[in-house]
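Peer 1: Take this structure first; my questions come after.
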Amino acid sequence: MLTPSTIERIRSAANIVDVVSEYVTLRRAGSSFRGLCPFHDDTTPSFSVSPARGICKCFACGEGGDVVHFIMKQEQLGYYDALKFLAKRYGIEVEEREMTEEERRTQNERESMFVVNEWASKYFHDTLLNTNEGQAIGLAYCRSRGFRDDIITRFRIGFSPSEYDAMSQAALKEGYKEEYLVKTGLSVRRDNGTLYDKYHGRVIFPWFGISGKIVGFGGRVLDARTKGVNQKYINSAESEIYHKAKELYGLYQAKKAISREHNVFMVEGYTDVISMHQCGIENVVANSGTALSEDQISMLHRFTNNITLLYDGDAAGQKAALRGTDMLLAHGMRIKILLLPDNDDPDSFARKHSAAEFREYVESHQVDFITFKTNLLKIDAANDPDRMSDLIRSIVESIAVVPEEIERSIYIHRCCEILKVEEKMLLNQVRRTRLVNEKRRLRDKEIAEGRARVQQNVGSVDADDDAHAANSEENADNAGRVNNAAQTNNAEQVNNVKEYDELLRSKDERNLQSLERLIMQHIVLGGNRKITVLQPDSDNSETTVVQYVAKELSADGLMFHTKIYRDMLADIMQAPPDTSSSAFFLSSSREDFSKEASSLLSNQYTLSASFASDNDAVYAEQVSRLMLDYKNLIVTIAIKRIMEQLSNDEVKSNPEKLMSLMQQQMQMTRIKQDLARKLGRY
């Protein structure tokens, strides 16, 4: 069995557009891609691939799923073999063993750190909006930058009180452990053992991971302290959940727009991203002034292969535009450079212009990277032959890493026109450079494989056949326990399943299963989403979608008729409340859970933005109404079955049975009337 961390690495690395493109010719259609379905005799492009959601779906034959299930179907592989297939494609080492106690502890620590970060983010945001100090300092800063309320909420900007330990004390009072406050970097432990807040007196910018979890924070010092300060911003230190080289500020808020626009703007700072969002340009992320890493580029490549680098027009901005660009080119990214007018950065420029004006400026002033680099270095080289030689060598190295031959040819031709050199000479130099690069790559690969073999041999010496046998037996026992737990969960309600089976027939069964599928879609898509269902006769406290559905079913002694949905609900109920449901099920060791979750995510309604409202209040109403519809259908089916029995001659001749059924009918009718009143509110 593959470890959950291995499955997570494989799924994170696998780009569904890249994988599907090896089997299907895809063409962009808005934010998605379309092609002929490989699973049936398709004559029109019915096969849709959504890079933002990482799923595919044929709207003709119904086949679809995530990247793993596409490979399962296409290559006729089992679930774990498909994962290994992708692992090999992306060079990921496969771990097939049970997690150790240490690994389980680490996983629990990660979840605890996410919980603490989520609380801290809300605490900072509330402090900004609802305290005198937060409004006077933090909110005043936001107003000075022109940030609207909706933008402040979208990025959950906050403020940490100036009192040295205010946040730490509030967290401890809420029951959060000191250990995780320190591990997340929110608090720092003094030599005397007391805590102080790392970000005290600063405006807070939370870092959202690509799944929406808070992975870290950035804090900006304000007022007179900014004068002469070398470091106005401080960021979270590296931790179990935050690795700066793997995160991009604003990607969570931008990923839909990036996929829709098929382009991403790269800027340097938080306020650049926020001001551009406010301007109406949402496909923008920030690298916080550092060169892009392999992980960051891979993340962006999942959504687009077009990137526009935005920098100040001064000398520093021009040099910044050259950092890390060869790595982008090597990943097949098409780079454009946009230098803004003097004395402007993306933040100030966005505040002065509308989205239409911004886009017009982009179209008229951006240039491709090779042209930009050639012109810039040509100015530096002037008439110096040695510097010109270095310039050509630098240009060649950049062109050589471009994977597409056609693009390389275009770049070579353009450089020759600018530099006034022979195209044949430049072409030969690029070929030689590519050959050297390939030899270096193969050598590095051989070295890496040699090290892996040595480690494997060492491991095999330490291994013990009896230990392997014991592990296998233990794994089997664990699998059996999981299965038994899922099957016997809510055992006291097993009789309800039999009653359901008696109620469900043909159309009624299909309708009920359709509603159960829709409820489970909400759970898989956003089970950890917080909602507050406003009902006069119900507890209006905040809860998650998963908890709400489970509570509504339990309150009326109900359970899903569809067994896999019963098991999935029981399983997710054991996870921490903030667990991403989609990631939980897709990475599940149970293949049927992963496959069903993938199918639910690929449903045509899920692919539509209208499936679940972004407005929390509206979404809460959607989920509440769905549960009421579900209960109403169950009651309607029950009444129909009672009416059928009442028309039976045997029942008519049995006064006791007849009276019992009539009482049931009256009870069901009252419940249906109550449900009708509740449904009438929506």
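The values are calculated or read from the model by the stated rules, or taken from the named source; none is laboratory data. These numbers were taken from a predicted model, which means no experiment stands behind them. Note that we place each Cβ from the backbone using ideal geometry, even for glycine, and neighbour counts take in every protein chain shown. Just so you know, the surface numbers come from the protein's heavy atoms only, side chains and all, with ligands and any DNA or RNA stripped out. Shrake-Rupley method; radii C 1.70, N 1.55, O 1.52, S 1.80 Å.
Peer 1: Would you confirm whether or not segment 635-642 contains a residue that is open to solvent by 80 Å² or more (accessible area, probe 1.4 Å), part of a helix (DSSP H, G or I) and modelled with pLDDT of 80 or more?
Peer 2: Yes, segment 635-642 has at least one match.
Peer 1: Taking segment 183-215, which residues are free of Cβ contacts under 8 Å to residues at least 12 places away in the same chain and assigned to a strand (DSSP E or B)?
Peer 2: Val188, Arg189 - these are the residues of segment 183-215 that are free of Cβ contacts under 8 Å to residues at least 12 places away in the same chain and assigned to a strand (DSSP E or B).
Peer 1: Suppose we filter segment 9-44 for residues that are among the small types (Gly, Ala, Ser) and closer than 20 Å to Met72 by Cβ; how many remain?
Peer 2: 5
Peer 1: Within segment 527-597, considering only helices (runs of 4 or more DSSP H) that don't extend past its boundaries, which have at least 1 residues that are under 19 Å from the mean Cα position of the chain (by Cα), of a type in the set (D, E, K, R) and over 26 Å from Ile214 (Cβ atoms)?
Peer 2: none
Peer 1: Just give me the residues in segment 243-285 being open to solvent by 10 Å² or more (accessible area, probe 1.4 Å), within 26 Å of Tyr180 (Cα to Cα) and either of a type outside the set (Lys, Arg) or at pLDDT 90 or above (or both), in sequence order.
Peer 2: His243, Ala245, Glu247, Tyr252, Tyr270
Peer 1: Name the residue, out of Arg517, Arg443, that is under 30 Å from Thr636 (Cα atoms) and at pLDDT 50 or above.
Peer 2: After applying the criteria, what remains is Arg517.
Peer 1: Which of the residues that make up segment 555-599 are free of Cβ contacts under 8 Å to residues at least 12 places away in the same chain and farther than 26 Å from Phe114 by Cβ?
Peer 2: Once the filter is applied, which keeps residues that are free of Cβ contacts under 8 Å to residues at least 12 places away in the same chain and farther than 26 Å from Phe114 by Cβ, segment 555-599 yields Ala555, Lys563.
Peer 1: Could you tell me how many of the residues in segment 142-182 are open to solvent by 80 Å² or more (accessible area, probe 1.4 Å), under 27 Å from Gln253 (Cβ atoms) and in contact (Cβ under 8 Å) with a residue 60 or more places away in the chain?
Peer 2: The qualifying residues number 2.
Peer 1: Kindly establish whether Glu240 is among the acidic types (Asp, Glu), in contact (Cβ under 8 Å) with a residue 60 or more places away in the chain and open to solvent by 40 Å² or more (accessible area, probe 1.4 Å).
Peer 2: yes
Peer 1: Filter segment 1-29 down to the residues that are assigned to a loop (DSSP other than H, G, I, E, B) and within 20 Å of the chain's Cα centre (by Cα) and list them by number.
Peer 2: The initial filter retains those residues of segment 1-29 that are assigned to a loop (DSSP other than H, G, I, E, B), namely 1-3, 14-15, 22-26.
Once the filter is applied, which keeps residues that are assigned to a loop (DSSP other than H, G, I, E, B) and within 20 Å of the chain's Cα centre (by Cα), segment 1-29 yields Ala14, Asn15.
Peer 1: Take segment 338-366 and flag every residue that is within 24 Å of Tyr411 (Cβ to Cβ), open to solvent by 60 Å² or more (accessible area, probe 1.4 Å) and touching a residue at least 12 places away in the same chain (Cβ under 8 Å).
Peer 2: The answer is His365, and nothing else.
Peer 1: Select from segment 346-371 the residues that are in a helix (DSSP H, G or I) and of a type in the set (A, V, I, L, M, F, W, C) and write down the one among them that is farthest from Met276 (Cα to Cα).
Peer 2: Ile370
Residue-by-condition table, conditions (1) out of contact with any helix residue (DSSP H, G or I) (no Cβ under 8 Å at 6 or more places or on another chain); (2) within 19 Å of Gln278 (Cβ to Cβ); (3) not β-branched (Val, Ile, Thr):
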residue: Ala120; (1), (2), (3): no, no, yes
residue: Thr131; (1), (2), (3): yes, no, no
residue: Arg145; (1), (2), (3): no, yes, yes
residue: Arg154; (1), (2), (3): no, yes, yes
residue: Met167; (1), (2), (3): no, no, yes
residue: Tyr196; (1), (2), (3): no, no, yes
residue: Val203; (1), (2), (3): no, yes, no
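Peer 1: Could you grab me the full set of residues in segment 269-281 that are touching an Asp or Glu at 6+ places or on another chain (Cβ under 8 Å) and either closer than 24 Å to Phe33 by Cβ or not in a helix (DSSP H, G or I) (or both)?
Peer 2: Answer for segment 269-281, where residues must be touching an Asp or Glu at 6+ places or on another chain (Cβ under 8 Å) and either closer than 24 Å to Phe33 by Cβ or not in a helix (DSSP H, G or I) (or both): just Gly269.
Peer 1: Of (1) within 22 Å of Ile137 (Cβ to Cβ); (2) modelled with pLDDT of 85 or more, Thr226 satisfies all except one. Which?
Peer 2: (2)
Peer 1: Just checking, how many residues over segment 373-403 are polar (S, T, N, Q) and open to solvent by 60 Å² or more (accessible area, probe 1.4 Å)?
Peer 2: Summing the residues that are polar (S, T, N, Q) and open to solvent by 60 Å² or more (accessible area, probe 1.4 Å) in segment 373-403 gives 2.
Peer 1: What do you reckon, is Val430 part of a helix (DSSP H, G or I) and either modelled with pLDDT of 80 or more or not acidic (Asp, Glu) (or both)?
Peer 2: Taking the combined requirement at face value, the residue satisfies it.
Peer 1: Kindly indicate the residue of segment 196-223 that is open to solvent by 10 Å² or more (accessible area, probe 1.4 Å) and of a type in the set (Gly, Ala, Ser) and also modelled with the lowest pLDDT among those meeting that condition.
Peer 2: Ser211
Peer 1: Restricting to segment 1-25, name every residue that is within 20 Å of Ser582 (Cα to Cα) and touching a strand residue (DSSP E or B) at 6+ places or on another chain (Cβ under 9 Å).
Peer 2: Arg11, Ala14, Ile16, Val17
Peer 1: Still on this structure, I have one more. Can you report the number of residues in segment 404-426 which are part of a helix (DSSP H, G or I) and open to solvent by less than 60 Å² (accessible area, probe 1.4 Å)?
Peer 2: Of the residues in that region, 10 qualify.
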